[in-house]
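The values are calculated or read from the model by the stated rules, or taken from the named source; none is laboratory data. Just so you know, these numbers come straight off a predicted model, no measurement behind them. Note: ideal-geometry Cβ built from the backbone for every residue, glycine included; neighbour counts use all protein chains shown.
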Amino acid sequence: MSTLNGPQGIEWSYLAFDQLTTAQLYAVLQLRSEVFVVEQACIFQDLDGSDDQAMHLVGTLDGAVVAYARCFAAGIKYTQASIGRIVTHPSARGSGAGHALVEKAIACLLRQHGPLPIRIGAQARLEAFYGRHGFKKSGAPYVEDGIPHMEMLRSH
């Protein structure tokens, strides 16, 4: 387990699947469901069998999970390392928590694996957001679960 301090008083933990407590896992899955399924009105299989292959970046504030991302080594989701399930709680939006989350996820991957390219499958509406972190559009746009997406790549 690694704990990192971040802006806005968010405490960051970077954990393997088997290091997550039952309460942490429940809170993470609850946040993912709240945003990706309910808020975005998208019926999809969030529990995709990949959580046990990921490192989990969990941001908590006052004991509640407010930011989360899955980080994968190269060769699991894409040829490159990748970040996915990037999500902030609605109450944390506009606070910079999302940018802090992406910065922390990149830093954790680089610290764990050294300099390497990182690929994401981003919602198309967030192209400029991810662009601020060095991600550039890569490949043709596609629709996933009814939402326009694009692959984006951050060079090392």
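Below, the figures for the structure above:
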read-out: Filter pass, S95 being over 18 Å from R70 (Cβ atoms), surrounded by 14 or more Cβ atoms within 10 Å (Cβ to Cβ) and touching a Leu at 6+ places or on another chain (Cβ under 6 Å); value: no
read-out: Criterion: touching a residue at least 40 places away in the same chain (Cβ under 8 Å), in a helix (DSSP H, G or I) and more than 13 Å from the chain's Cα centre (by Cα) - qualifying residue of Q30, Q24; value: Q24
read-out: So L110, is it surrounded by fewer than 16 Cβ atoms within 10 Å (Cβ to Cβ), without any contact (Cβ under 8 Å) to a residue 60 or more places away in the chain and part of a loop (DSSP other than H, G, I, E, B); value: no
read-out: Hits in the range 139-156 (condition: part of a loop (DSSP other than H, G, I, E, B) and either of a type in the set (V, I, T) or over 23 Å from V37 (Cβ atoms) (or both)); value: G139, A140, S155, H156
read-out: Verdict on H99 being assigned to a loop (DSSP other than H, G, I, E, B) and either under 15 Å from the mean Cα position of the chain (by Cα) or at pLDDT 95 or above (or both); value: no
read-out: Top-ranked residue of the range 35-59 - restricted to ones that are out of contact with any helix residue (DSSP H, G or I) (no Cβ under 8 Å at 6 or more places or on another chain) and more than 24 Å from Y78 (Cα to Cα), ranked as modelled with the lowest pLDDT; value: A41
read-out: Selection from the range 35-57 of residues that are part of a strand (DSSP E or B) and more than 14 Å from L109 (Cα to Cα); value: none
read-out: Condition check for R85: on the phi > 0 side of the Ramachandran plot and buried (at least 20 other Cβ atoms within 10 Å of the Cβ); value: yes
read-out: Unique match (being at pLDDT 95 or above and surrounded by 13 or more Cβ atoms within 10 Å (Cβ to Cβ)) among Y26, Y14; value: Y14
read-out: Test set (1) farther than 19 Å from H56 by Cα; (2) surrounded by 14 or more Cβ atoms within 10 Å (Cβ to Cβ); (3) free of Cβ contacts under 8 Å to residues at least 40 places away in the same chain - R125 fails condition number; value: (2)
read-out: Leading residue by the ranking (surrounded by the fewest Cβ atoms within 10 Å (Cβ to Cβ)) among those in the range 128-144 that are of a type in the set (A, V, I, L, M, F, W, C) and modelled with pLDDT of 95 or more; value: A128
